[in-house]
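Participant: Pasting a structure below so you can have a look.
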Amino acid sequence: MTRAMRRSAASALAAALFSLGAQAAPAPEGASPLEAAGPGSGIDVGPLKFSAGPQADGGFGATLNGAGVRAFTPWIPASWLTLSPYVEFDVDAGFSSAADAVNNASVTLRPAIGTSFLSANDLGMEVPFLIVYAYLDARYRFGTIEEEGELKRANQGIYGGGLDFRFEGLYRWWEGALIDPIDFPRLTVGYYTVDETDTSAVSVPEEILADAIQASLQLGLQLRWQCRAGGASGAETCPLQLIAEAKGTRPTTGLDTKTQGFYDVALTYKTSEEVHPVLHYRSGTEQGLEYDRQIILGVLWELTPK
């Protein structure tokens, strides 16, 4: 694939993400991700989030991350088996105004198919407590590395696959607790390989080129404080929310196989459905690329609110 073709593909993928996010219908207030996406789909629909504001180091910072999802009609090959396919478009980007900032971004296309494991709730109805997906992952990232005091381009195509675990049953366990999940915990474990690297550097660190195993944990929580009823359903919403993601990457090739960590944490106070204040922290290393430490006190805008 030529450089022009890779750039065109990355641009098309980003355009598809924004198109998908714009088409996603908002979920009923208070609905769980399963209820939001429709029966049998088990998909958390969005949102795509943009945060911006002054950083702790005196500069200006911004981040864009989130996902758009297209779920398809579940396939039921047997009475005991329901398969739910979907395609996810994911984006993650960070920007800092500092002259020596290492700004990185990635866009991902992830087709997947999975099934639900059921358990009985308090009413005796069978509902999902664990959803497991097998997925393929095609990612293009726009990276920056430092070489002899200068910032160099290091763009890559990365491919892989793995398993995605959604722990829907935790909703029932935590119901009525002081801390309540707003998104069910999501654990992904996958294996990735670098297809090609487009760089302006003379030499590239081997950990950027290495195959790797990566695990990611995502979690959304709300503190049951100043909660209020709202929407047609009268479901309770609580303004103070924590959204966090942690990634661990371990190279499987090359001499340096030390585990790398990346962390993204946002504490928000929801004053509206779309725009609210945020304290946002992100830092670490993912698949060889180092992300600058950002502490942003600003606003968060949900571009595709649930």
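Participant: Looking only at the range 276-290, which residues are part of a strand (DSSP E or B) and surrounded by 21 or more Cβ atoms within 10 Å (Cβ to Cβ)?
Facilitator: Selection gives V278, H280, R282, E286, L289.
Participant: Quick one: what pairs do we get from the range 127-152, first residue in a strand (DSSP E or B), second aromatic (F, W, Y), C-beta under 6 Å, 6+ apart or different chains?
Facilitator: L130/F117; V132/F165; A138/Y159
Participant: Under the condition of being surrounded by fewer than 16 Cβ atoms within 10 Å (Cβ to Cβ) and not acidic (D, E), which residue from the range 133-160 is modelled with the lowest pLDDT?
Facilitator: This residue is G149.
Participant: Out of the strands (runs of 3 or more DSSP E) lying entirely within the range 193-264, which hold 2 or more residues that are at pLDDT 85 or above and under 20 Å from the mean Cα position of the chain (by Cα)? First the steps, then the outcome.
Facilitator: Working: elements: 212-223, 228-230, 235-237, 240-251.
So the answer is 212-223, 240-251.
Participant: Turning to a different aspect of this structure: What is the residue count in the range 31-59 for residues that are at pLDDT 75 or above, exposed (fewer than 15 other Cβ atoms within 10 Å of the Cβ) and either under 20 Å from the mean Cα position of the chain (by Cα) or among the hydrophobic types (A, V, I, L, M, F, W, C) (or both)?
Facilitator: Of the residues in the range 31-59, 1 are at pLDDT 75 or above, exposed (fewer than 15 other Cβ atoms within 10 Å of the Cβ) and either under 20 Å from the mean Cα position of the chain (by Cα) or among the hydrophobic types (A, V, I, L, M, F, W, C) (or both).
Participant: Looking at (1) at pLDDT 80 or above; (2) acidic (D, E); (3) not in a strand (DSSP E or B), find the lone condition where E273 falls short.
Facilitator: The number of the failed condition is (1).
Participant: Taking the range 180-228 as the region of interest, how many residues are among the acidic types (D, E), closer than 16 Å to D256 by Cα and in contact with an Asp or Glu (Cβ under 6 Å, 6 or more places away or on another chain)?
Facilitator: 1
Participant: Here are some residues: L163, L187. Which one is touching a Gly at 6+ places or on another chain (Cβ under 8 Å), in a strand (DSSP E or B) and either at pLDDT 80 or above or among the hydroxyl-bearing types (S, T, Y) (or both)?
Facilitator: Result: L163 is the single residue among L163, L187 that is touching a Gly at 6+ places or on another chain (Cβ under 8 Å), in a strand (DSSP E or B) and either at pLDDT 80 or above or among the hydroxyl-bearing types (S, T, Y) (or both).
Participant: Would you please name the residue that is modelled with the lowest pLDDT, looking only at residues in the range 60-103 that are within 26 Å of H276 (Cβ to Cβ) and in contact with a Pro (Cβ under 7 Å, 6 or more places away or on another chain)?
Facilitator: G66
The values are calculated or read from the model by the stated rules, or taken from the named source; none is laboratory data. Bear in mind the structure is a predicted one, so any value in this text is a computation, not a measurement. Cβ sites come from the backbone with ideal geometry, for glycine too, and all protein chains shown count toward neighbours.
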